[in-house]
Amino acid sequence: MLIILDFGSQYSELIARRIRETQVYSEVLSYRTSAEKIRQLNPQGIILSGGPSSVYADHAPKCDPAIWDLGIPILGVCYGMQLMVQQLGGQVETAERGEYGKASLHIDDPTDLLTNVDDGSTMWMSHGDSVTQLPQGFEVLAHTDNTPSAAVANHERGFYGVQFHPEVVHSVDGQALIRNFVYHICQCEPTWTTEAFVEEAIREVRAKVGDKRVLLALSGGVDSSTLAFLLHQAIGDQLTCMFIDQGFMRKGEPERLVELFDKRFHINVEYVQARAR
């Protein structure tokens with residue numbers, strides 16, 4: 001499992017999606033999450049998201065500095081990289097010229113995080129601040145024409161930072177970089193599949209419900225229908241669905257829905273006729 005600490009980025013959930021595309025489970029948590037809570041979750045790595053703030057601004061969001069002592073790999077993205085640099089003793093300042101949009105990444109160290117990332121690959125930039133001094137033990141992995149420290153690392157401690165956004169589609173080799181962090185640096189295994197998710201969800205439902213009964217309001221939409229099938233796999237006849245025909249569905253649709261759930265899949269459905277109310 002990997003954890004994404006969210007600093008207000010519009011892309012935090014997209015980072016989680018990109019990780020899940022590698023078949024590794026991920027969760028998005030608030031930047032306020034304590035290092036102790038993270039330790040209890042026992043992730044194999046942490047990603048610090050981007051964000052709209054400047055790390056040197058008053059009231060800028062900061063993570064628990066104790067995360068640097070957890071002994072697990074950490075990747076900072078944009079604001080996350082700048083925060084890593086600042087909290088570990090480096091310096092971040094307003095850039096002479098902001099960098100927004102596509103930029104060519106010139107690779108100085110093609111190993112580790114940047115394996116299979118082409119020299120000159122297009123990456124998506126969106127920052128007005130820049131790293132002006134790296135913390136002790138860090139080195140530059142890549143640069144752009146406008147950003148001397150576009151990717152940095154402290155290999156010994158497993159800390160990495162990128163000034164660009166590898167998670168967005170505009171970053172051509174962004175997913176390759178994410179895979180490098182997930183598989184090679186964090187040593188994750190691709191075990192998070194749809195089947196694994198369903199099996200885990202069923203175990204959680206059974207543990208929580210026990211021998212109790214469950215009543216589910218069924219609308220016929222994707223969300224409630226998916227939940228009905230999942231709950232039925234987990235607890236069988238302990239589930240009762242209630243479908244209320246309020247008269248706003250297409251002709252014959254309520255009857256087809258009841259037929260599908262009750263007759264075909266043998267899910268108990270209580271049909272309430274409320275068209276005239």
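The values are calculated or read from the model by the stated rules, or taken from the named source; none is laboratory data. Owing to the predicted nature of the structure, the values given are computational and were not obtained by experimental measurement. Don't worry about glycine lacking a Cβ; one is built from the backbone with ideal geometry, like all the others, and counts go over all protein chains shown.
A few comments on the model shown:
- Restricting the stretch 151-175 to residues that are of a type outside the set (Gly, Ala, Ser) and under 12 Å from residue 84 (Cα atoms) leaves a set whose member that is surrounded by the fewest Cβ atoms within 10 Å (Cβ to Cβ) is 154.
- Qualifying residues in the stretch 226-250 (those that are touching a residue at least 24 places away in the same chain (Cβ under 8 Å) and of a type in the set (S, T, N, Q)) - the one farthest from residue 268 (Cα to Cα): 246
- The stretch 178-223, residues that are within 12 Å of residue 23 (Cα to Cα) and among the acidic types (Asp, Glu): 189, 195
- Matching option when the condition is in the same structural domain as residue 115 (by TED's automatic domain parsing) and among the basic types (Lys, Arg), among 264, 179, 213: 179
- Strands (runs of 3 or more DSSP E) fully within the stretch 1-114 that include at least 1 residues being among the aromatic types (Phe, Trp, Tyr) and surrounded by fewer than 17 Cβ atoms within 10 Å (Cβ to Cβ): 91-107.
- Sole exception among (1) part of a helix (DSSP H, G or I); (2) surrounded by 14 or more Cβ atoms within 10 Å (Cβ to Cβ); (3) not assigned by TED's automatic domain parsing to the domain that holds residue 153 for residue 240, by number: (1)
- All positions within the stretch 179-202 that are in contact (Cβ under 8 Å) with a residue 12 or more places away in the chain and not hydrophobic (A, V, I, L, M, F, W, C): 179, 180, 183, 184, 187, 189, 190, 191, 193
- Residue match in the stretch 125-146 (condition: among the aromatic types (Phe, Trp, Tyr) and closer than 20 Å to residue 182 by Cβ): no
- Any chance residue 269 is among the β-branched types (Val, Ile, Thr) and free of Cβ contacts under 8 Å to residues at least 40 places away in the same chain: no
- Residue count for the stretch 197-218, restricted to those that are surrounded by 14 or more Cβ atoms within 10 Å (Cβ to Cβ), outside any helix (DSSP H, G or I) and not β-branched (Val, Ile, Thr): 2.
- The listed residues are 221, 247, and the only one of them that is loosely packed, with under 12 Cβ neighbours inside 10 Å and either hydrophobic (A, V, I, L, M, F, W, C) or out of contact with any Lys or Arg (no Cβ under 9 Å at 6 or more places or on another chain) (or both) turns out to be 221.
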